[in-house]
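Working notes for the structure below.
The values are calculated or read from the model by the stated rules, or taken from the named source; none is laboratory data. Remember, predicted model here, so these are calculated numbers, not experimental data. As a convention, Cβ positions derive from the backbone with ideal geometry for all residues, glycine included, and neighbour counts pool all protein chains shown. These area figures cover heavy atoms from the full protein model, side chains too; ligands, DNA and RNA do not enter into them. Shrake-Rupley method; radii C 1.70, N 1.55, O 1.52, S 1.80 Å.
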Amino acid sequence: MLAGLMQPSPLSIASLIEFADRFHGSTELVTRTVEGPIHRYTYHDAHRRAKMLANALAALGLHSGDRIGTLAWNVHRHFELYFAVSGMGAVLHTINPRLFAEQIVYIVNHAEDRWIFVDLTFVPLLERLAEHLQSVAGYVIMTDEASMPETSLPNARCYETLLAEQSAEYSWPVLDETCASSLCYTSGTTGNPKGVLYSHRSTVLHSFCVCAADGLAVSSREVILPVVPMFHANAWGVAYAAPMSGAKLVLPGAKMDGASIFELLHDERVTLTLGVPTVWLMLLDYCESSGQALSHLERVVIGGAAAPRSMIERFERDHDVEVIHAWGMTEMSPLGTVCNLLPKHATLDAEARLDLKVKQGRPVYGVDLKITDDENHELPRDGRAFGRLKVRGPWITNGYFRGEGGAVLDDEQWFDTGDVSTLDPDGFMQITDRSKDVIKSGGEWISSIDLENHAIGHPAVAEAAVIAVPHPKWSERPLLVVRTRENATVTREEILAWMAQKLAKWQVPDDVVFVDALPHTATGKIRKLELRQQFAEHQLPDED
Ligand code: ADP
């Protein structure tokens with residue numbers, strides 16, 4: 001082999017914040033703090049404090065490879081932890097505080113977290129769990145001395161005091177780029193949560209993909225507000241891509257309601273925001289009820305669950321905000337596909353554009369995709385055949401932490417996403433379902449996502465979920481569970497008539513039930529498993 005003569009500098013997370021400091025040092029990071037006030041500083045300040053924090057971590061006796069937990073919102077101190085922990089060679093374990101208490105205990109013990117950094121909001125939660133957290137030597141409360149609470153947490157320290165004791169002189173160690181940098185557990189809708197262990201290399205490569213024009217096109221010209229939490233797949237990589245590109249970052253803290261998000265979007269002149277459909281519903285409803293438009297916002301990235309057609313329409317028609325539909329998963333760092341249209345789509349009419357925009361999009365270089373049947377035969381990329389979606393690439397997991405779940409790749413390195421999708425000849429992928437949520441009626445598969453999208457288009461429907469209920473003749477039939485908008489009235493018959501306008505007869509749900517609230521997972525998705533249990537005995541009306 002003739003070796004190339006290029007520098008072998010390892011890819012590293014610390015280099016992202018170093019770059020932002022050096023070349024975008026005066027760019028702002030704005031946080032709505034958990035304590036209340038808006039906090040502002042720059043990439044230069046953030047880097048300085050990350051170095052002080054790295055010194056503090058060393059002073060706590062933490063070493064490379066140690067896992068350090070966080071239970072924190074999108075706030076500037078969490079951002080500092082992202083770079084200090086990984087930068088010094090330790091592993092940042094972002095814990096999702098919305099998990100069930102037993103799951104938090106499970107993952108802290110499984111990860112063997114040495115210290116936990118915790119926002120004020122979650123101190124009471126940890127106080128209840130602390131006696132079960134065997135590996136944790138102490139807790140750092142992410143606030144200043146003035147706001148330090150009385151706490152029963154053993155060995156509790158104050159973040160600002162810890163930093164104040166340290167110098168900002170610190171040289172980031174040169175690390176092997178394949179070493180672990182951060183850890184994120186899947187929400188475990190089936191079985192225990194499983195740990196996805198990212199590396200410096202995978203994180204930096206993924207950040208390039210987030211910045212790529214056909215990725216999320218993050219650049220120094222953007223002001224970005226990630227509503228998606230930093231404990232959910234690293235805020236979809238934005239926490240790294242922002243310093244990589246020098247974009248201004250606006251962090252919403254604990255307040256994710258429509259009014260609070262609107263205020264930040266407006267006051268900070270945010271151009272790009274990202275989150276799951278549930279938060280956009282709150283924002284759009286707030287805009288509608290308060291009669292305000294999203295004036296500076298240019299693009300909204302919707303992912304984590306399918307973006308309903310009506311939501312895309314509302315953003316684009318009422319606010320002139322471009323919707324970028326994206327798909328991914330924790331196991332993929334998380335970005336897999338992004339729905340950016342191609343030049344040939346420029347002349348499409350509004351309806352045809354929407355038909356494309358509801359798709360989850362095309363892969364960016366680095367992600368390879370295919371669909372197969374249950375016997376692993378590849379299916380055609382014709383936009384009609386649907387099957388198991390499989391992926392491979394340098395920011396996709398090789399296996400879960402401590403070998404949970406066994407081997408997850410096949411002989412050719414393909415990872416089965418658990419999603420069912422189509423792929424069209426242009427490479428646009430459309431999720432039709434999670435493999436466990438699809439409704440198998442007779443010989444046909446009915447997409448629950450498709451039905452939910454139609455239901456949500458009805459003006460009286462706020463949220464909808466479609467689940468399979470057992471059926472003696474068809475094996476399964478769809479049941480539509482609906483939460484209506486406040487003050488809206490609608491009957492079962494009206495909803496079914498609405499659905500029948502848009503669907504083939506055999507796809508129309510057999511029944512509709514109305515509920516006051518739908519159960520959600522820790523990542524904001526509807527908890528279908530719970531609904532299936534709740535309605536397992538539901539009696540479908542007799543067929544006409
Ligand atoms: P969880 O821990 O809840 O599984 P992830 O973010 O890892 O959190 O979930 C990934 C899954 O979310 C995907 O496999 C897919 O089923 C679903 N998902 C993500 N984005 C979309 C999307 N745009 N449309 C439909 N489903 C999506």
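Here are some notes:
- Test for E102: is it outside any loop (DSSP other than H, G, I, E, B), at pLDDT below 95 and not aliphatic (A, V, I, L, M): yes
- Among the residues of this structure, V136 does not count as one that is within 16 Å of the ligand (Cβ to nearest atom), at pLDDT 95 or above, crowded, with 19+ Cβ neighbours inside 10 Å and β-branched (V, I, T).
- Residue match in region 50-60 (condition: in contact with a Pro (Cβ under 8 Å, 6 or more places away or on another chain) and in the same structural domain as A180 (by TED's automatic domain parsing)): no
- Filtered residues of region 437-448 (kept if farther than 23 Å from N376 by Cβ, assigned to a strand (DSSP E or B) and not hydrophobic (A, V, I, L, M, F, W, C)): S441
- Matching option when the condition is farther than 27 Å from A352 by Cβ, away from the ligand (no atom under 11 Å from the Cβ) and out of contact with any helix residue (DSSP H, G or I) (no Cβ under 8 Å at 6 or more places or on another chain), among G291, G275: G291
- Cross-chain or 6+ apart pairs with Cβ under 9 Å, region 203-222 first and on the phi > 0 side of the Ramachandran plot, then open to solvent by 20 Å² or more (accessible area, probe 1.4 Å): A217/C211; A217/R299; A217/N340
- Within region 18-35, being under 17 Å from V223 (Cβ atoms) and open to solvent by 70 Å² or more (accessible area, probe 1.4 Å) holds for one residue alone: S26.
- For region 191-216, residues that are open to solvent by 30 Å² or more (accessible area, probe 1.4 Å), aliphatic (A, V, I, L, M) and farther than 22 Å from N398 by Cβ total 2.
- Any hit, region 222-243, residues being among the aromatic types (F, W, Y), under 23 Å from A307 (Cα atoms) and within 16 Å of the ligand (Cβ to nearest atom): yes
- Any hit, region 231-242, residues being part of a loop (DSSP other than H, G, I, E, B) and in contact with a helix residue (DSSP H, G or I) (Cβ under 6 Å, 6 or more places away or on another chain): yes
- Taking the listed residues A111, A180, the one that is within 16 Å of the ligand (Cβ to nearest atom), touching a residue at least 60 places away in the same chain (Cβ under 8 Å) and within 30 Å of G304 (Cα to Cα) is A111, with no other qualifying.
- Within region 517-534, considering residues that are under 14 Å from A464 (Cβ atoms) and without any contact (Cβ under 8 Å) to a residue 60 or more places away in the chain, the one nearest to the ligand (Cβ to nearest atom): P519
- Scanning region 284-299 finds one or more residues that are under 27 Å from D433 (Cα atoms) and either touching a residue at least 60 places away in the same chain (Cβ under 8 Å) or open to solvent by 10 Å² or more (accessible area, probe 1.4 Å) (or both).
- Any hit, region 36-43, residues being among the aliphatic types (A, V, I, L, M) and open to solvent by less than 40 Å² (accessible area, probe 1.4 Å): no
- For V323, the criteria (1) at positive phi; (2) within 16 Å of the ligand (Cβ to nearest atom) hold in every case but one, which is (1).
- In region 437-453, the residue that is least open to solvent (accessible area, probe 1.4 Å) out of those that are free of Cβ contacts under 8 Å to residues at least 60 places away in the same chain and away from the ligand (no atom under 15 Å from the Cβ) is I439.
- Residue list for region 356-407, restricted to those being open to solvent by less than 60 Å² (accessible area, probe 1.4 Å) and basic (K, R): K357, K359, K370, K390
- The residues of region 339-367 that are in contact with a Gly (Cβ under 6 Å, 6 or more places away or on another chain) and more than 10 Å from the ligand (Cβ to nearest atom), listed by number, are R362, V364, G366, V367.
- Meets criteria (surrounded by fewer than 20 Cβ atoms within 10 Å (Cβ to Cβ) and in a helix (DSSP H, G or I)) for S15: yes
- Residue tally, condition open to solvent by 80 Å² or more (accessible area, probe 1.4 Å) and either of a type in the set (G, A, S) or over 28 Å from the mean Cα position of the chain (by Cα) (or both), over region 515-544: 5
- Strands (runs of 3 or more DSSP E) completely within region 449-520 that count 2 or more residues being within 16 Å of V438 (Cα to Cα): 461-471, 475-484
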